[in-house]
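Student: One structure, as structure tokens, below. Some questions next.
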Amino acid sequence: MASEEWTTAAHANRYLAMADAVPHRAEGEGVLSEQVPRIARRILDLGTGDGRLLALLQADRPEMRGVGLDFSELMLDAARDRFAGDERIELVSHDLAQPLPALGSFDVVVSSMAIHHLEHERKRALYGEVLALLKPGGVFANFEHVASPTHRLHLAFFAAIDEPLEHEDPSDRLLDVETQLRWLREHGFEDVDCYWKWLEMALLVGSSPPPDGASEPAVRWPGGRV
Ligand SMILES: C[S@@+](CC[C@H](N)C(=O)[O-])C[C@H]1O[C@@H](n2cnc3c(N)ncnc32)[C@H](O)[C@@H]1O
């Protein structure tokens, strides 16, 4: 099984304890939230962890229904605690190394710091599966840990987040932004771009083709086509 570190309490708890301290993270998450239409009704979060991203999106979208998917029972337990009694959120145990289960269709699919744990070929296949789950004009927003173009920049990232390189997650399978954007375009996503980036953290966004006959651009800014 890939990423099995996430099934150990030490690894999961270490991440949860430092998640808020990652520099610029809130900035990137804010740009992600801007890309998610306020009227989105059904949102899937891949590698949801303790449900951080679903909770962030819920704050501005009280009507949304969320599905959070993760393979770590420890993380899912943290998400269950967070959303206890909240019937709008469904949590599903699933290993992303395997094809996505039948979950119905979604207005939006998001992910945060999770897909980089998968082998590259699996990342690529997963992007295709995401497109198939999206309704026409739906949005995929992947806030991701990506590869640096050089080892010096990789070292600079670890220095900037104040972590020794020995703390590098052994389950990381980092991949550059350009390759991932190309794969999204090849699958048929539209308006694909890197919408935000700081060193090894990047927000990759694409949308599924709009409904037949719709020609307007995919403007998703608050106050835009939402
Ligand atoms: C760095 S954490 C991010 C959690 C959350 N998305 C957040 O932003 O706080 C990575 C998450 O991906 C999950 N994950 C890693 N590999 C996975 C896999 N193969 N299938 C499902 N979840 C996986 C881990 O269990 C963990 O919850």
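The values are calculated or read from the model by the stated rules, or taken from the named source; none is laboratory data. Worth saying up front: this structure is predicted, and the values here are computed from it rather than measured. Note that each Cβ is placed from the backbone with ideal geometry, even for glycine, and that neighbours are counted across all protein chains shown. Accessible surface areas use protein heavy atoms only, side chains included; no ligands, DNA or RNA. Shrake-Rupley method; radii C 1.70, N 1.55, O 1.52, S 1.80 Å.
Student: Which loop-located GluC sites (Glu not before Pro) does segment 145-190 contain, where loop means any DSSP state but H, G, I, E or B and the Cβ has at most 15 other Cβ atoms within 10 Å?
Tutor: Here the sparse-neighbourhood loop sites are 168.
Student: To continue, here is another question. Between residue 162 and residue 41, what length in nm is gained on full extension when 0.36 nm per residue of separation is reduced by their alpha carbon distance?
Tutor: Using 0.36 nm per residue and subtracting the Cα-Cα distance, I get 39.8 nm.
Student: So if I place +1 on the C-beta of Lys and Arg and -1 on the C-beta of Asp and Glu, and nothing else carries charge, what would the dipole magnitude of segment 17-100 be about its Cα centre? I want it in debye, nearest 20.
Tutor: Rounded to the nearest 20 debye, it is 320 debye.
Student: Averaging sequence separations of C-alpha pairs under 8 Å and six or more residues apart, then dividing by the length of the chain, give the relative contact order as a whole percent.
Tutor: Relative contact order for the chain comes out at 22 percent.
Student: For segment 53-156, what is the relative contact order in percent, using Cα pairs closer than 8 Å and at least 6 residues apart in sequence?
Tutor: 24
Student: Quantify, in whole percent, the carbon and sulfur part of the accessible surface of the chain (1.4 Å probe; protein heavy atoms only).
Tutor: Exposed carbon and sulfur together represent 53 percent of the surface.
Student: So what does log10 I(q)/I(0) come out to for segment 71-209 at q = 0.09, 0.11, 0.12, 0.14 Å⁻¹, using the Debye formula with one equal point on every Cα and no solvent?
Tutor: -0.31, -0.46, -0.54, -0.73
Student: Just 67, 109, 22 to compare: in a GNM of the chain, with alpha carbon springs under 10 Å, which one fluctuates most?
Tutor: 22
Student: Still on this structure, please answer the following. Determine how large the accessible area of residue 65 is when every protein chain is in place; take a 1.4 Å probe and give Å² rounded to the nearest 10.
Tutor: Accessible area of residue 65: about 120 Å².
Student: Given the -39500 (n - 2.57) contribution per DSSP H run of 4+ residues, what per-residue ellipticity at 222 nm results for the chain, rounded to the nearest 500 deg cm²/dmol?
Tutor: -10000 deg cm²/dmol
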